[in-house]
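First the structure, in the form of structure tokens, and then the observations on it.
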Amino acid sequence: MRRVPEPIRSRSHPLVRRLRVLRKDGGRAEGLALLEGVKLLEEAVTAGAAVSEVVATSRGLRDERSRLAAEAAQGRGAALHVVEESLFDGLSEMETSQGLLAVARRPAFPEQRLLHGMPLVVVAVGIQNPGNLGGLLRTAEAAAATGAYLTAGSADVFSWKALRGSMGSVFRLPHVAGMPAEAVLTRLKARGVSVVAATTEGGVRYDAADFRRPVAFLFGNEGAGLPEDLLRHADVRVAIPMHGAVESLNVGVAAGILLFEAARQRRGGPS
């Protein structure tokens, strides 16, 4: 381990004040993200994210996995700061803190990466639950999606709950955030990508649709679903048949079914 600095003990220390601001606003205006816990730091470093600072407690650095993650970040140029446990507790979002935080720059992906090869794209339309949004990116990466559009009105994918939900996928899966949904559809259609809307009724069965072409799946808000004006612009509407009184599925579950069906078809798997 490199030399460990003396612990910061003052609540008025500039670093502590800055971390409080980052925790409050998520760092969006500055293009930063606040990562908590060894898993997120490991994923960020492995993905090549620009980690500028690691903040830990003495207890956190006694954990071998956390120490190795901090060292890996230091090896890529991150500064290490140690803070007293009581100060760290005021910065942590975790019920039981691991004593490890990091500040990283949010990755910026060129839009063309989303449409590389045979596009399989996720379009999140106004998904406001950050955990669901992060989980959607994780599912998309697992199903070999090429990228995601997170349209205007969606949650911040670098908020704490979204980061936890994505489990590092946010650093690896190409995504573009903040574009109006109508503009996304226009761009997709101009590039020959078929727009498929996930609906609860009125669509063809998901396993009867053909996803072996460039496809973008539209997933809507947890409560309201997809707006009718966007549904009208979809090339295909697909539905997942459900048994009993269940009316809809969590967006992550629905996305998993559709994305893995697309992956199966593209592998030439059995019907």
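Couple of notes before you dig in:
- Per-region count, the range 24-63, residues outside any helix (DSSP H, G or I), aliphatic (A, V, I, L, M) and under 15 Å from the mean Cα position of the chain (by Cα): 6
- Check on SER66, surrounded by 14 or more Cβ atoms within 10 Å (Cβ to Cβ), polar (S, T, N, Q) and assigned to a helix (DSSP H, G or I): yes
- Strands (runs of 3 or more DSSP E) contained in the range 158-253 and holding at least 3 residues in the same structural domain as ALA47 (by TED's automatic domain parsing), surrounded by 18 or more Cβ atoms within 10 Å (Cβ to Cβ) and in contact (Cβ under 8 Å) with a residue 60 or more places away in the chain: none
- Exactly one residue among GLY131, GLY126 is in a loop (DSSP other than H, G, I, E, B), touching a residue at least 24 places away in the same chain (Cβ under 8 Å) and in the same structural domain as SER154 (by TED's automatic domain parsing), and that residue is GLY126.
- Total residues in the range 71-91, condition of a type outside the set (Ser, Thr, Tyr) and without any contact (Cβ under 8 Å) to a residue 60 or more places away in the chain: 10
- Here PRO107 passes the criteria (1) in a strand (DSSP E or B); (2) within 18 Å of the chain's Cα centre (by Cα) except the one numbered (1).
The values are calculated or read from the model by the stated rules, or taken from the named source; none is laboratory data. Given the structure is predicted, the values throughout are model-derived calculations rather than measurements. Note: ideal-geometry Cβ built from the backbone for every residue, glycine included; neighbour counts use all protein chains shown.
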